[in-house]
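One structure is given below, encoded as structure tokens.
Just so you know, all these numbers are worked out from the coordinates, no wet-lab data involved. Just so it is clear, the model here is predicted, and its values are computed rather than measured. Reconstructed Cβ throughout: ideal geometry from the backbone, glycine too, with neighbour counts over all protein chains shown.
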Amino acid sequence: MTMRITQGMMANQSLRNIQANQARMQTLEDQITSGTQITKPSDDPIGAAQALSLQESLDQNTQFGRNIDQGTSWLNSSDAALSSVTDAIHRARELAVQAANGSLTPADRSAIQAEVTQLQHHVLDLSNSKYGQYFLFSGTRSDQPGYTQYNPSTTAGAYQGNSGQVLREISPAVVTNVNVDPTSTFDPVFQAMNQLQTGLTSGDSAAVSASLASFDTALDAVSLARAQVGARVNRLDALKQRQDGVSVNLSGLLSNVKDVDMAKAITSFTTAQTVYQASLKASAQMMQISLLDYLK
Amino acid sequence: MSSPFFSLDIATRSLRAQQTLVDIANQNIANANTPGFSRQSGVVTETMPYPIPVFRQSGAPGQLGTGVQVTEINRARDTFVDYQMRGQLTAQGSWDARSAALTQIEAVVNEPSATGLSAQMTKYFSAWQEVANSPADSAVRANLIETGKNLADTFQNSVQDLTKQQQDLDKQVGLTASSVNDYAQQIANLNKQISVVETGGMKANDLRDQRDLILDKLSSLVKITSVESSEGSVNVYVGNHQLVDRDRTHTLGVDGSSGTNQPVWMDTTPNTPATITDGKLQGLMYARDTVVQTRIDGLNALASRVIESVNSVHAAGVGLDGVSGRPFFTGTNATTMGVNAQITAPGGTSLIAAARMLPATPPATGYTWASGDSSNAVALAQIQAAVAQRDTSQVTGLQPGQSFGPSTVAGLDLSHSAANSNITMNVTAGAPNPTVTFTSGGTTVSATLSVGTDPAGNQVITADGGSLGIRVTVTAAAGTTLNAALTPMNGQVSYTPAGPSTPGDQYAQQISALGVESSTAMSRSANQQVLVNQLTNQRAQTSGVSLDEETTNLIQYQHAYQAAARVISVVDGMLDTLINHTLL
């Protein structure tokens, strides 16, 4: 039996096909204009989950980058302060060498004494260096200065901070502290300077000479702290570079999952457009013909 | 020998028959675009010949035909296609409803996007990282509170939207049930008319078309079985219950006493629940009770996990006032989630617990805290990447049929479980190893007890509850005989919440499941559309009106009519000759 075709069938079929072609164009148009091929989970269920996870990792990685930057700044500020402390120790040690000479006039000695006092103030200031609103050398008690006087051996001059660690999470589950231990770094410096100051006040050249060894100890302590800071900065720099690489990789993966391949999408769109036009033309011509056209 | 009037009779009958056929074609053309209309055709037969054959025939050369008549008007209809069509419409109704609900859910969750829940979670935990970087900075703390509020709002809004959707679906269930009744009433009315017409010996083609159309519409709402009775009525059944009984109907209503509309048959006291297995009504109920509910449950589970883990860490830390024990979030699930009102109140930024009570630096003793300490903030930020925790508890007297739960095993926190129900362990003897069955929230997992030895030489029996996340380990001293029934002994029960590890993974899995379900529903719905289209074509092949065909027929009838009229004028001429010219 041959198939009976009716005008209604043709009209419905044409309409359905035209609508299907339009829907295809609309999907492609949506992809091209939004630039993403996943606008809702059903577009690509696995891809949507991957996109979420990758985006989360990327955002986390960016945050770790910020943590590292902030930690690096903290460490750099510490290093700058400690560098000045080193300079102060060197200068004080020079003064100690001069004072130990023994052939100083009282005027010379009082000049040295005045400069040592200045250096003591300078180191005290340095020990109260801040990063933003935080004191760098107070442990986690960073809302207050670590030292209020330059004589840690007295109760009032003792370290006021704590031994808490200033923590930064620098990569997943890796937490590092970015502060140096203030007491082991600053106490020897204050002690050496006090020793020199006391020796100068009492005119005790033996004490002045003895302070030279103390300055060496202080220098060692500060150098150790600076070495630690430097090592941490290097570690953070390396980590930051690695994380930049990871971010590039993650962005690439995310783009692979989410972004539209424009060349492909535009080609498909053009094809869909051609098909759509053809379907319109064919339908228009088909629907106009009827037996009635030929009957008089 | 026939008279000229006999010829006129034949011609008259022909004119009448051709006229009827033209009317039928006219009716077909008029209804070419009417939904449900079936092409009609006349059954044309010769009228009884004359004379009636008898044994001896005199004066006649033989039987003479007496003309033509239209004896019946039929509609072209394939009832098998109707039957198939209704089955497919039912399935389409169900998938369309599910697909529509899922599309709406996808719009609600709005993922992947920069403003979805996933992004809000990331922002919240990043804000904790920023607090860790600047623990005493009130601007940073204020930002954390805002991100916390946004996270809670996103959870709340999502669940509110989904609940609203559930309510809409529930309303639609009620409306669909009343549509079913409307259609049933229309079928009953048509049944009455059809049986009146057809017992009178005619065919009620147009009424039948209307009834078939309504049966199609009804079948997309519920799965029906229709049986035609001898007098032309159609009896309709939904499941085993009659919906239309000739010219009477049984009412399908809804009972909202359980909180949601449940279809019931109203013709019994008390009303009996209606079994709805397919169609739009079933699709709507499935969407309401399962599709949307699954998403609500998922969001609630995720929210309670975030609330629980954030609060337990937050309460362990101290604010800038040195006080610990404050929760960050209030509420227990996505619906009730919010940020602790103390924290959102003016000055609340200082209550954020970024620091911890730590041992004081000697010579000071005891515990102290410092504003620059961010150890708790770091721990809170790490929740984002934290795998679901495993709770472990020692139990004594572990025995067959043991029921585990927050109340039965101290220290074992089963609150991560979505069903939050106790887990039951049942040990059954078997060779070579006994079997343990774990049951939780309707899911049962079987495991075989495996017996091994630990480094210390103790015998260890383990049973792993797999996807339930529960694991039982019993350690017995070397030499202890382990019998098949597992006599009560001491052991360790651990519970790891099932599912993906981090909160982000948990959410991503929910989104993926939503996507799979939605794309499946969409393609099933599209497939049904293809099947329905195919059947529509098949039906149109039989029942559809072809204008070319009708025009062709019309011309045929026109010619036959013209010829019959010509016969009349020929006979008229004959009579004229006979009457006016013969006797003169």
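A straight line joining the Cα centroids of the stretch B:293-352 and the stretch A:85-158 runs 47 Å. Listed by chain and number, the aspartates and glutamates whose C-alpha is less than 17 Å from the C-alpha of B:K192, apart from same-chain residues fewer than 8 away, are B:D182, B:D206, B:D209, B:D212, B:E228, B:E231, B:D245, B:D247. A Gaussian network model of chain A, with springs between Cα atoms under 10 Å, assigns the largest mean-square fluctuation among A:A88, A:A284, A:A111 to A:A284. Taking every residue in B:32-39 and counting other chain Cβ atoms within 10 Å of its Cβ, the average works out to 1. As a calculated quantity, the FRET efficiency between B:F5 and B:E46 at R0 = 22 Å, using C-beta atoms, amounts to about 0.70.
Cβ-Cβ distance of A:D244 and A:Q288, R₀ of 51 Å, FRET efficiency by 1/(1 + (r/R0)^6): the value works out to about 0.20. Each label point was placed 7 Å from the Cα along the Cα-to-Cβ direction; for B:Q534 and B:V227 their separation is 3.0 nm.
In this Cβ point-charge picture (+1 for Lys and Arg, -1 for Asp and Glu), the protein assembly as shown has a dipole of about 1220 debye about its Cα centre.
I need the shape label for the stretch B:78-388. Rule: rounded when a/c is under 1.5, else prolate if a/b > b/c, else oblate, with a, b, c from the alpha carbon gyration tensor.
Here the stretch B:78-388 falls in the prolate category.
Taking amide H positions as modeled 1.01 Å from N, with prolines and chain starts lacking one, the residues under 5 Å from A:D259 and 5 or more places away or on another chain are A:Q37. Report note on the peptides A:141-149, B:137-145: ranked by the mean count of other C-beta atoms within 10 Å, highest first, their order is A:141-149, B:137-145. Can you classify the stretch B:181-293 as rounded, prolate or oblate using the Cα gyration tensor, where a ≥ b ≥ c are the square roots of its eigenvalues, rounded means a/c under 1.5, and otherwise it's prolate if a/b beats b/c and oblate if not? In terms of gyration-tensor shape, prolate. For the pair B:V323 and B:E146 in one chain, pulling the backbone fully straight at 0.36 nm per residue adds 61.5 nm over the alpha carbon distance. Projected label points at B:Q193 and B:T251, each 7 Å from Cα along the beta carbon direction, are separated by 2.4 nanometres.
Of A:Q273, A:Q55, A:Q118, which is the most mobile in a GNM of chain A whose springs link Cα atoms less than 10 angstrom apart? So, out of A:Q273, A:Q55, A:Q118, the one fluctuating most is A:Q273. Note on B:K171 and B:N26: the extension gain reaches 47.7 nm, defined as 0.36 nm multiplied by sequence separation minus the Cα-Cα distance.
If you average the C-alpha positions of the stretch B:154-223 and of the stretch A:165-195 separately, how far apart do those two centres end up, in angstrom? The two parts, judged by their Cα centres, are 79 Å apart. With 20 Å bins beginning at zero, the pair-distance distribution over Cα atoms of the protein assembly as shown amounts to 11, 25, 25, 18, 11, 7, 3, 1, 0, 0 %. Bridging of A:K281 to lysines at a Cα separation below 25 Å is possible for none of them, once same-chain residues fewer than 8 apart are set aside. The fraction of Cα-Cα pairs per 10 angstrom bin, counted from 0 for the stretch A:19-169, comes to 9, 22, 18, 13, 10, 9, 8, 6, 4, 1, 0 percent, rounded to whole percents.
If I take R0 = 41 Å and measure r between the Cβ atoms of B:Q558 and A:I32 in this structure, what FRET efficiency does the formula 1/(1 + (r/R0)^6) give, to the nearest 0.05?
Efficiency computed from Cβ-Cβ geometry: 0.10.
Is the stretch B:49-185 rounded, prolate or oblate when judged by the Cα gyration tensor, a ≥ b ≥ c being the square roots of its eigenvalues, rounded requiring a/c under 1.5 and prolate requiring a/b larger than b/c? The shape class here is prolate.
Relative to the longest principal axis of the Cα atoms of chain A, the long axis of helix A:7-34 lies at roughly 20 degrees. Ranked for footprinting exposure by Cβ neighbours inside 10 Å, fewest first, B:R539, A:R91 give A:R91, B:R539.
Determine the dipole magnitude for the stretch B:78-388: charges of +1 sit on the beta-carbon of Lys and Arg, -1 on that of Asp and Glu, nothing else is charged, the reference point is the Cα centre, and the result goes in debye to the nearest 20.
620
Positive end of the dipole of the protein assembly as shown (Cβ unit charges, origin at the Cα centre): among A:S255, B:F5, A:S283, the Cα lying farthest that way belongs to B:F5.
Could you work out the percent of alpha carbon pairs in the stretch B:94-253 separated by over 22 Å, rounded to a whole number?
Result for the distance tail: 62 percent.
Pairs of Cα atoms nearer than 8 Å and 6+ residues apart set the relative contact order; for chain A it is 28 percent.
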